[in-house]
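Since the structure comes first, as structure tokens, the remarks are kept for the end.
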Amino acid sequence: MKSKLARFKIISERDNVLEPGKELYFDIKGNWNKTYFKNDNPITLELACGRGEYTIGMAERFPNRNFIGIDIKGDRIWKGSTLAVEKQLTNVAFLRTQILMIGNFFEDGEADEIWLTFPDPRPKKRDIKRRLSNNSFLNLYKKTLRPGGTFRLKTDNTALFDYTLEELESRKDIVNLRVTHDVYNSDLASEVMDIKTRYELMFASKGETIKYLRFEFAEPDQP
């Protein structure tokens, strides 16, 4: 097991990790396709990606799409970055930043899809504004997604899932919403591609069902 300091050193030398101290980190906004991926393929973001299981899993399945895992924890990003190197995946990047700051790294409409996979539920009332499905974050995601882009949430936490549904119901710009409280026993199972994170496996072993939803933000000319 490598120490955190060793992992930090490794990712500091990797091209597939953008973090403070690297020149591209400050110039990437609006330039992901042109400067990093060097193609015009659609971009999918995995927010709070942790070890990057979804980022890596999707990149393997969809070589003609680009995937960016975003997390503040460098030792977690090290794992996904390492897997991308081992699997020789060139359609993967990892961005080290707080989710609240993604507006500094993406132009409006630069992403085609966003996944939020097993975020911290932040159950305390004082942390409501820090929940990653709070309306303030949803507004941020709306700006980051292109018109017609898709947002997806996957979680084991019933309280967070129900809270998210309440936030969505309070908005007037949510369209094509699909919801299930047990994705693997629903007609939406194929959408999660049978990619299971470490947290999912842990909670599923305790009998938790996996909740999933997806939707689009209405375009300006939609009701």
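Taken together, the values in this text are just the output of simple stated rules run on the coordinates, not laboratory data. Computed from a predicted model, the values in this text were never measured in an experiment. Counting neighbours? That spans all protein chains shown, and the Cβs are built from the backbone with ideal geometry, glycine included.
When a footprinting reagent is the concern and you count Cβ atoms within 10 Å, what order do Y184, Y54, Y141 take, fewest first? Display every interim value, and only then the final one.
On the way: Y184 14, Y54 28, Y141 20.
Arranged by neighbour count, lowest to highest, Y184, Y54, Y141 become Y184, Y141, Y54.
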- Task: Name the lysines eligible as straight-distance cross-link partners of K196: C-alpha to C-alpha under 19 Å, and not fewer than 8 places from it in the same chain.
- Result: K79, K87, K154, K206, K211
- Item | Nonlocal amide H pairs with V17, under 5 Å, H built at 1.01 Å | F94
- Note on the chain: contact order normalised by length, alpha-carbon pairs under 8 Å, 6 or more apart, percent, works out to 19
- Farthest towards the positive end of the dipole of the chain, among S186, S136, I43 and with Cβ unit charges of +1 on Lys and Arg and -1 on Asp and Glu, lies the Cα of S136
- Note on the structure: Applied in sequence order to region 123-131, the curve 6.51 cos²θ - 1.76 cosθ + 1.60 (Karplus, θ = phi - 60°) yields integer Hz couplings, x standing for Gly and Pro, of x, 6, 4, 5, 9, 3, 5, 9, 5
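Kindly work out what percent of the DSSP beta bridges joining two residues of the chain are antiparallel, to the nearest 5. It would help to have the intermediate numbers written out before the result.
Numbers: 11 of 33 bridges.
Expressed as a percentage, antiparallel bridges in the chain total about 35.
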- Per residue and in Å³, how big is the convex hull formed by the alpha-carbon atoms of the chain? 134
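Per-residue counts of other Cβ atoms within 10 Å, averaged by peptide: what ranking do you get for 8-16, 170-178, 151-159, highest first? Walk me through the numbers before you get to the answer.
Working: 8-16: 15.1, 170-178: 12.7, 151-159: 19.8.
Final packing ranking: 151-159, 8-16, 170-178.
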- Note on the structure: Computed for the chain: size of charge dipole around the Cα centre, +1 on C-beta of each Lys and Arg, -1 on C-beta of each Asp and Glu, debye to nearest 20, value 960
